[in-house]
Protein chains: 2
Amino acid sequence: MPAAEQTVLPQPSRAEIRIEQVLQALGDPVRLTLVRALATGPAVGIACGAVPLPVTKSTRTHHLRILREAGVITMRTEGTRRIAVLRRDDLDALYPGLLDGVLGAPH
Amino acid sequence: MPAAEQTVLPQPSRAEIRIEQVLQALGDPVRLTLVRALATGPAVGIACGAVPLPVTKSTRTHHLRILREAGVITMRTEGTRRIAVLRRDDLDALYPGLLDGVLGAPH
């Protein structure tokens, strides 16, 4: 079977990422659940539909778009699948400690 | 002159602080300006009206309330003045690295 064609969806470059947008993107329980799943998942990313969430498919898509446009995740299509990857290198370079502080939050 | 009577406005205890609320509170340019001013100001706090902001007094009050209710700042009245203090100890204890990552953000 040939490898599925891959397309990376539009996202801000590292220089275009803004702290206000990153904080807004992270400041939501559903989006935090997604980010936690990505942080503990494989580095190649996880299929966006694979994370259990108590929301509709369109709401899930909305949350993923906010994360992608803020620069928190990269999303690529592989055939009909959408794969998300946490932009840990970019976030750690711009805001050292931020992501670890968020991911380690006890509440 | 007798010391002005002090009253601390209601705020969540450390155990009641929630990461989503903190991130939402920090994810706004006006509130980030306030937090940066508090982080670099004296430890006893600064008068809330002293930080230059391009907003009306009622909008300033609104932003201060969001920061206080999220657990990011303590506010106390001293006579007719309102003094704000960053809850750095609480935030650093709950989310090590978060505040430094935000305050050091290049953009």
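Once region A:1-32 is narrowed to residues that are surrounded by fewer than 17 Cβ atoms within 10 Å (Cβ to Cβ) and of a type in the set (G, A, S), the residue that is nearest to the other protein chains (Cβ to nearest Cβ) is A:A15. Of all residues in region A:70-89, those satisfying the criterion of being within 12 Å of the chain's Cα centre (by Cα) and either in contact (Cβ under 8 Å) with a residue 60 or more places away in the chain or more than 14 Å from chain B (Cβ to nearest Cβ) (or both) are A:G71, A:I73, A:T74, A:M75, A:R76, A:R82, A:I83, A:A84, A:V85, A:L86, A:R87. Looking across region A:97-107 at every residue that is surrounded by 14 or more Cβ atoms within 10 Å (Cβ to Cβ) and within 7 Å of another protein chain (Cβ to nearest Cβ), the one that is farthest from B:I19 (Cα to Cα) is identified as A:G97.
Taking (1) within 21 Å of B:V22 (Cα to Cα); (2) surrounded by fewer than 18 Cβ atoms within 10 Å (Cβ to Cβ) in turn, A:A93 satisfies each apart from (1).
With respect to B:G41, determine if the residue is of a type outside the set (D, E), surrounded by 15 or more Cβ atoms within 10 Å (Cβ to Cβ) and touching a Pro at 6+ places or on another chain (Cβ under 7 Å). Taking the combined requirement at face value, the residue does not satisfy it.
Here, each number is a calculation from the coordinates, and none is a lab measurement. This is a predicted model, so every value here is computed, not measured. With ideal geometry, Cβ positions are generated from the backbone for all residues, glycine too; neighbour counts draw on all protein chains shown.
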